[in-house]
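The block underneath contains the structure these notes are about, expressed in structure tokens.
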Amino acid sequence: MNAGTVSFKKTQRKAALASLIGASIEYYDYLLYGTIASLVFNKLFFTNFDPTIGLLLSLASFGIPYFFRPLGGVIFSHIGDKVGRKITLTLTLGLMGISTALIGLLPTYESIGIWAPVLLVGLRLIQGIAVGGEWGGALLLSIEYADDTKKGFAGSLPMMGSAVGMILATATMAVMTLLPNDIFLTWGWRIPFVASLVLVVLGLWIRIGLEETPDFSETKKQGNISSLPISDTLKHHWKDVLLTAGVKAIETAPFYMFATFVITYGKNMLNMPENPVLTAITIGTLGSIFVIPFAGKLADRIGTRKVFLGGTVAVMLFIIPFFMLLSTRSIFLLTIAVLIGFAIWSVITAVLGTMFVEIYKPEIRYTGVTLGYQLGAAVFGGTVPLLSTFLINTFHSWVPVSIYIIGLGGLALICNYLIKKRMNDKLKTDHVEVEPVYVFSNTTINNM
């Protein structure tokens with residue numbers, strides 16, 4: 001093995017590490033806000049309201065940025081496809097780090113009045129825009145550097161970002177809440193926000209030291225850079241965007257089911273204590289950190305599509321037993337149900353990014369994967385808790401919710417089949433150009 005090969009191998013490992021660390025830091029900063037929204041912000045930034053209204057406003061300030069994530073995706077995917085992946089990832093991480101640190105330095109309502117909640121929400125919106133552009137870039141950074149035989153594993157690493165970020169945020173706040181309450185409310189809560197700058201600097205140092213990804217460099221060398229990536233994507237690949245959004249349905253809906261709706265269902269409909277449910281979710285999230293890379297490695301051996309099909313069918317088969325286990329009102333069985341649910345979700349999410357990347361050519365890849373991912377998350381993800389609650393209250397049964405999830409599984413399978421068909425049709429009609437553009441190797445497409 002010559003020096004150049006050794007150097008490139010080191011760069012590949014560095015790119016994978018940069019992808020994982022960067023995504024984890026971004027989600028740590030993003031989710032840190034949610035862990036203390038109801039503990040601090042309602043008391044320090046929304047104090048001029050009735051306590052209940054203040055709490056609702058505090059929680060709303062956590063949720064509103066989810067609607068700005070698609071905007072961030074559009075902005076940064078345009079930069080990523082036109083200028084490069086590296087600069088985009090530097091911008092999103094820097095933007096997230098600065099906005100997070102500023103939240104920790106904000107004066108309270110007592111000091112500057114109404115400007116306190118206004119600035120808080122403004123910085124939170126910036127967080128939403130930054131994280132909206134992060135996912136696609138982190139994914140491409142890892143996959144576009146990886147060897148053809150390791151793209152499944154490479155694509156799974158940034159998918160661990162949300163899980164690692166959630167664990168870091170929860171653990172950090174668990175430590176800080178050990179402080180006396182008056183100290184915690186005065187300055188203790190600020191430490192995790194300001195201290196995150198250390199992690200951001202580490203992430204930026206790793207990312208800045210990388211060269212542009214090989215795929216984008218080759219695209220730029222050949223003069224194939226799109227002048228307006230989003231226009232080209234919507235004009236020529238709108239079907240692919242809709243199909244990837246449909247595939248995303250079976251990944252995003254179960255996540256909100258296992259991580260969010262189970263809290264409401266257990267507390268309000270089964271009269272179970274909240275803490276054991278939260279503990280089960282935390283354990284499930286921790287388990288996903290190990291399942292996700294395992295599923296990525298498995299995808300490199302048997303193909304991304306086979307792993308995805310296995311995870312999708314598993315969700316469709318498990319959703320009814322999931323509710324049956326919850327209905328026992330046993331904390332132990334609920335924990336088992338949540339653990340299994342997270343494990344199955346981890347299998348799907350591990351290969352989702354790699355499957356999406358395989359669909360789009362390099363010049364509009366950032367835009368394509370981001371639009372499909374964010375559209376699917378908006379339509380099928382955030383609506384799950386509300387829709388599930390409505391169905392259970394209307395029919396007084398969890399069966400309609402199970403049917404809905406099974407239906408999303410069917411939708412995802414159909415969309416995945418149509419994607420495969422479109423890719424194979426393109427391969428047959430233009431095999432010379434397609435191989436380096438739409439797929440990574442013949443092995444990959446044959447495994448799909």
> Hey, any idea what Rg/Rh is for the chain, computing Rh the Kirkwood way over Cα pairs?
Replying inline: 0.97
> For residue 248, which lysines qualify as cross-link partners when the Cα separation must be under 20 Å and same-chain residues fewer than eight apart are set aside?
Replying inline: 151, 239, 306, 361, 420, 421
>> Using only the alpha-carbon atoms, how far is helix 384-395 inclined from the longest principal axis of the chain? Give it as 0 to 90 degrees, nearest 10.
In response: 70 degrees
>> Give me the percent relative contact order of the chain, please, defined on Cα pairs under 8 angstrom at least 6 residues apart.
In response: 23 percent
> Put +1 on the Cβ of every Lys and Arg and -1 on every Asp and Glu Cβ in the chain; which of 70, 199, 404 then has its Cα farthest towards the positive end of the dipole?
Replying inline: 404
> By the scheme Lys and Arg +1, Asp and Glu -1, what is the net charge of all other residues having a beta-carbon under 14 Å from that of residue 45?
Replying inline: +2
> D for the stretch 226-448, whole µm²/s, Stokes-Einstein with Kirkwood Rh over alpha-carbon pairs at 20 °C and 1.002 mPa s: what number?
Replying inline: 117 µm²/s
> Under the Kirkwood approximation applied to all pairs of distinct alpha-carbon atoms, what is the hydrodynamic radius of the stretch 216-342 in Å?
Replying inline: 17.4 Å
> Pairing the Cα long axis of helix 115-143 with the longest principal axis of the chain, what angle in degrees results, from 0 to 90 and rounded to the nearest 10?
Replying inline: 30 degrees
> What order do you get for 29, 300, 182 when you list them from fewest to most C-beta neighbours inside 10 Å?
Replying inline: 182, 300, 29
> What is the projected area of the convex hull of the Cα atoms of the stretch 1-225, averaged over all directions, in nm²?
Replying inline: 13.5 nm²
>> With angles folded into 0 to 90 degrees, how steeply does helix 331-357 sit against the dominant principal axis of the chain? Use alpha carbons for both and round to 10.
In response: 40 degrees
> the stretch 258-326: D in µm²/s via Stokes-Einstein (Kirkwood Rh, Cα pairs, 25 °C, 0.890 mPa s)?
Replying inline: 177 µm²/s
> Counting other C-beta atoms within 10 Å, which of 235, 248 has the fewest, and how do the rest follow?
Replying inline: 235, 248
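Coordinate-derived values only; no laboratory data. None of the values given here were measured: they were computed from a predicted structure. Here the Cβ is made from the backbone with ideal geometry for all residues, glycine too, and neighbour counts use every protein chain on show.
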